[in-house]
1. Would you confirm whether or not segment A:141-160 contains a residue that is part of a loop (DSSP other than H, G, I, E, B), of a type in the set (Phe, Trp, Tyr) and crowded, with 18+ Cβ neighbours inside 10 Å?
2. Quick check: anything in segment A:621-634 closer than 25 Å to A:Ala795 by Cα, of a type outside the set (Asp, Glu), assigned to a strand (DSSP E or B) and at pLDDT 90 or above?
3. Take the conditions buried (at least 24 other Cβ atoms within 10 Å of the Cβ), within 13 Å of chain B (Cβ to nearest Cβ), over 30 Å from A:Ile272 (Cα atoms) and without any contact (Cβ under 8 Å) to a residue 60 or more places away in the chain and apply them to A:Thr884. Does it pass?
4. When you look at A:Thr866, is it touching a residue at least 40 places away in the same chain (Cβ under 8 Å), surrounded by fewer than 20 Cβ atoms within 10 Å (Cβ to Cβ), more than 8 Å from chain B (Cβ to nearest Cβ) and among the polar types (S, T, N, Q), yes or no?
5. Tally time: how many residues in segment B:207-221 are surrounded by fewer than 16 Cβ atoms within 10 Å (Cβ to Cβ) and either closer than 18 Å to B:Thr175 by Cβ or among the polar types (S, T, N, Q) (or both)?
6. Looking only at segment A:851-861, decide whether some residue is outside any loop (DSSP other than H, G, I, E, B), surrounded by fewer than 24 Cβ atoms within 10 Å (Cβ to Cβ) and facing another protein chain (nearest Cβ under 9 Å).
7. Of all the residues that make up segment A:241-253, how many are surrounded by 24 or more Cβ atoms within 10 Å (Cβ to Cβ) and out of contact with any Gly (no Cβ under 9 Å at 6 or more places or on another chain)?
8. Give me a count of the residues in segment A:416-473 that are farther than 18 Å from A:Gly123 by Cβ, among the hydroxyl-bearing types (Ser, Thr, Tyr) and in contact with a strand residue (DSSP E or B) (Cβ under 7 Å, 6 or more places away or on another chain).
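The values are calculated or read from the model by the stated rules, or taken from the named source; none is laboratory data. Keep in mind the model is a prediction, meaning the values are calculated, not measured. We place every Cβ from the backbone using ideal geometry, glycine too, and count neighbours over all the protein chains shown.
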Amino acid sequence: MAKDLGERADGIRRRDFLKAVGVSGAGATIAGCSTGEVERLLPYVVAPEEITPGVATWYSTVCGGCASGCGMWVRTREGRAVHVEGNPDHPVSQGGLCSKGHATLQHLYNPDRYHGPMIREGGVMRQGTWDEGERLLAASINGALNPLPDQPARGVLFIGGYMGPTSSALVDEFMLAVGGDRVDFDAVSDAPLKEAARIAYGVNAVPRYDIGAANLLLSFGNDFIETGTSPVAHSKGFASMSAVDEAGGEKGRFVYLGPRLSLTGLNADEWIPIRPGSEAAVALGMASAIAGPDAAGPYANLLQAYNPASAAAAAGVSVEAIEELAGRFALEPSSLAMGPGPGAHHRNATAANLAVMILNHVAGNVGTTVFYEGVSPAATASYSDIESVIDAMASGDIGVVIVHGTNPAYSLPSTSGFVEAFEQVQYKVSFASAMDETSALCDLVLPDSHFFESWGDSTPRAGALAIQQPVMQQVSTFDSRPSGDTMLAVLGHLGSEPEVGTFYEYLRARHETAHDGSSGDFETYWHQTLRVGVGESGATDEGAAQLRAPDTALSFDTPLLDGSDDGLTLLVHPSGRFGGGEFSNSPWMQELPDPVSKITWHSWLEVNPHTAEERGIRNGDIVSVSSPHGSLEVPVWLYPGIREDTVALAMGGGHTGMGRYADGNGVNALGLLPAEAEQPSGALVTLATKVVVEPTGQSRRIATVEGSDDQHDRPIAPAVQLALLGEEEHEVEGEHHEELRELQGVGGFVPVPAEEGAPSAFPLPGAQHGEYADAHDGPRWAMAIDLDKCTGCSACVTACQSENNVPWVGENQVLMGREMSWMRIERYYEHVDATQADDLDVRFLPMLCQHCGNAPCEPVCPVFATYHTPEGVNAQIYNRCVGTRYCANNCPYKVRVFNWYRYTDDVPEPLNWQWNPDVTVRDNGVMEKCSFCMQRIRDAENRAALEGGRDVRDGEIVTACQQSCPAECIVFGNIRDPQSRVSEVVASERTYRVLDELINTQPAVNYLKKVTFHEVSSGEH
Amino acid sequence: MATLGTRERGALTHPDLHRLDDVNRDVLKMLTTPGKGWWILFGIAAAGVGLFFTMWIRQMVLGIGVSGLNAPVGWGVYITTFVFWVGIAHSGTLISAILFLFRAPWRQSIYRAAEAMTVFAVMTAGLFPLIHVGRLWHAYWLIPYPNSRFLWPNFKSPLVWDVFAITTYFTVSATFFYLGTIPDIAAARDRATGLRKKLYQLISLGWQGSDSQWHHFGKAYIFLAALATPLVLSVHSVVSWDFAMSIVPGWHTTIFAPYFVAGAIFSGIAMVITLVVPMRKIFGLEAYLTTKHFDAMAKLMLLTSLIVFYAYLSEFFLAWYSGEEVERTAFWNRLFGTYWWATWTMLVCNGFVPIMLWFKRVRYSIPALFVISIFVNIGMWFERYVIVVTSLHHEYEPFAWGIYRPSVTEMCILLGSFCWFSFWFLLFTRLLPPVAIQELKEVMPPPMRKQAGEAH
């Protein structure tokens, strides 16, 4: 063929043509060279071995987003990270990943990262070189320790946040060599839990919970799904606990005791709205009821002092509710109670956690669902540590302070005096990777690399060790350096020659030393660990922990609160999206609707509707909230899931120097809190004061994505009572069924029944759009979502946003109703009662394109921009779209989103590096929506074709949302294959399809009804 | 007109009109003396057209985001205004074609203005789908044209039907309008001078008023009238199917086609009154546009108001009667939801205000009719707003409910569309005889010798 073409009759040979082109091309190049500066376009002269253009390379590493240290797989394309997933081999996270984990990608490409070492000169920061910066740090340390004769010697102080064991060891080594002190500070800390474990069991670590093994779970204000020790692992455990076992008709029950329903609380089956701070009384009252009058052990006397009646009085709920719960807790062979977490750190938080430990003890849960193993994969640094150095800093005794991995200028109450004290330090150094409030005060910034660019490790649990390996070269925009390397270099400048030159060598050497050889030679072990992401380590369980007598005096009473008695108790809790504020500069997190309130970007004060009505406050009214420690103004969001005497404010807002996406959004709730440490753990108290809430007369529109929190009697998120599972009657014979049958009798057009989701029902007679000859042989992609498992955590939403290049639009656009997310978690209240112990029923529904077999969007598109593929996917052809928006109007699920502007234009360098090259970045004026991760389907199909044309295996295609879901509630696959998992799941009697019965859309997304313990009222389907 | 009966001859013109010459003189005078009022109006209209295109171009550059549209309300003021102008376009053809076929003699004085209104209203309406699409530069994909990729529009989509409906309607109504003006242009030509005369010579197509020309003219006119008549019904039916073919509660009803056609005629007649009253005043056409004409138009307005109001009531009734929760909520929400004010504006303006037309005194009072016609115009715009916006903002999925607030851009373009329309209409009153000379003459009493003698 080529020859034929080359010797065509017209006489031009291919070679001649190429020569001509070559010569003219060269001429053009020469001409081009002469006109200006030559750009450095470097081809792959020697291509990197592991990179095939267009093919993703995956690396396993450890998430550095929080102390939990979940395992991560990072997808890199052409040498840059574009998406993260959970590592299924990781013992803790087991493949799931939270929203924040995904958002760490935006920390990597954060446009507000420091571009290089920053040196303050004459009050202005300028960029310097690394050598200059490191020498400056060494010189300042030298100067502080060995001052000029007429000056006093000053100390060197290191303030660190949570870091992996090896990093932490290096810091210790560094400070030892320098001769300074180190304190740690975590904005969100589990110190009371750890302290309680120390007091009760002598274990200096937070306990490990096996939620999945429990059948009755009690949370005393522990928000384990969104914050706490390990949200992903706990969500996974919770899902396996609470998911219904259809064959056995069993399901774990979850009771939430606390003044406010957090996301965790919203997942409860019952809510006992106890008074803030009464956890200890309730736990002890229950424990005493379980243990009976002849309780033994070190806490027998304590138990004597409590009973259900005293608990009920303290909590403000009925005695029966406490007794009944205690009875169930004792009877249940496998139960678990969790003490108050960072969202409820009142002045007796350690005592409350200890009381819950006693409750677990008397119920016999230690060793079955609670484990004291001596490993703390949690941030547990206390406020009292940093409090102790504030005075030293203020007095000018500190010559050099180094801040690393923490932002105390933001995350401490202003009354702590930290900022003022910090400013008294002669030379302030920050290792912050990106700008924050603390580094803004510093004289020298030596920016740390992102954890995707550096080495590290973590101990997710006893006996396991995870290596955090870099997945890519430094983002070239930023001249950063891993702080381990920086410290080693500074040590060199200080004259104490370290044994190793880089942190990588240090890390490797440390693990080589620790390696006991039992699992083969180190080299093999090391490579295996890097590849898998997790290896075994020598440390194991410290053995069964014994309850011991307390060595500290504790008060188990409801703590006193500051402020006037007629005020409302203020709850300041970590945000599921921002943590303590570390994630506030991620636009994904800013725009992710809060899983509870569905509000984006700004802060809100949660107020019970009754309280608000009494005070004449409406939704969106801006109120002034004042405590004895400060005041601020914030809009009100009415929330039935909070006690009438309590208001709540999330952390993470009100940044002033963290970057373009964080600054100016919301308020910093810490401004209302006293700078006070809980005793004896030393944690910062977050539930300490009553506040006066007064309307300011102003109001604003809430940037929410929620339309209505009520289903309006529509078959959207129905539920089924556990007792009715397996019985024919559970099919609520609603009006529709009857009416439809009548219609059918007279030949009317009626929806085709899904026949309980039998694969033979797909595709349905109405589903055949397009003339596809082979439509019946190919796959029909479908999804199943188990609403009984879904916790509403919204990890899928961020995963989808990351995978599919879904842009964020900003607060004003959200206010206009233009959020672009392809997935949303709908949240409907069915029964929420903040006044008494009662059943709780809140429904979460992940809503994405339903890929209808009989799609309303398809026939109305005038140009076939949306059409049905032979594989049953409702496809959207971006470059064919004219933008009439008729499809969106006609979509009953409202899952289509429109590009009102060219939103991606606003994405600054290098944040746009995060775009997934497998997915088109959409243009202005086109419609878009969930594609069932078509790029992943094609990837698997292509792989199958390359591997000898085999069929795509079930489970080979994993959508981004499915992969991320910690609860594993999403299953994707070919529903025409009766053996596929999705077919098996869909065969459940709980399967239904949203609105299908009403409008005959025949969706490919099947939902499994939530299972409740209480009776589902008929109106709720 | 040769085909017109002579029963009511002379009944509708002013008794002071005696001579056929007077008609030529009075009508053609309009083309030569631009009053100050005309220039002021024209200036305002031209400025509005400037605003219109400025805002539109800005939207093209920045994106549809400059509107207030969102999810779930993907259509708003643009589509509302589109339907409004298509509706306005209807009564022109109705008056000229249908009433012509039905031999309604009162149409002669107003049909020319009504036809012009039709053409300009379609010209205005036709811009709105273009304004509203996300990628204007690809809007031509809605037109079926042969291409190498064998990509055709989706003939199932009502939007494609719309393309055909609007273009057909524009073509036919423009042709019909032009054809009817030819004899009058010739009359104008005979009096005009200079450039204007050249222009009229060209577009009068050599009209001499010979018997054979009149004969052919009559045939063609009847033929086009017959062709245009079904379009009156079909175009707005198709526009209504833009909504009715969807599954949106509040849109998906079978009543939409007749309901929209009646509404279109209703709004069209109201707009004719709104335009003709000032025209009559400014150009002193009291002799030609008598209260009898207005009475007839008012009766038609009353009739269509009743039909439209009946449609409203039946929609509410059927929503309740369906027993369907989604449907019931949609209509309950219309009356008492966020946009209650729009719905009540619609009900008051279109249902209650026209009740006054039952009274003869009101029908014969031109100021009263003018005010009522303004109410109807407003009410009919809000009717479309209610249909488009309130239906969309509360659909099936309660969590996805939303609120739409029109933006400044949309209001400017809405305002600009009136200016664009007025711009053309004002030009029309100066360039073409706005009252049909030849048809007026037909209904005038034939000149009598005696009268002629008296005149001398």
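1. No: segment A:141-160 contains no residue that is part of a loop (DSSP other than H, G, I, E, B), of a type in the set (Phe, Trp, Tyr) and crowded, with 18+ Cβ neighbours inside 10 Å.
2. No, segment A:621-634 contains no residue that is closer than 25 Å to A:Ala795 by Cα, of a type outside the set (Asp, Glu), assigned to a strand (DSSP E or B) and at pLDDT 90 or above.
3. Taking the combined requirement at face value, the residue satisfies it.
4. No: the conditions fail for A:Thr866.
5. So the answer is 7.
6. Checking segment A:851-861: at least one residue is outside any loop (DSSP other than H, G, I, E, B), surrounded by fewer than 24 Cβ atoms within 10 Å (Cβ to Cβ) and facing another protein chain (nearest Cβ under 9 Å).
7. 0
8. 3
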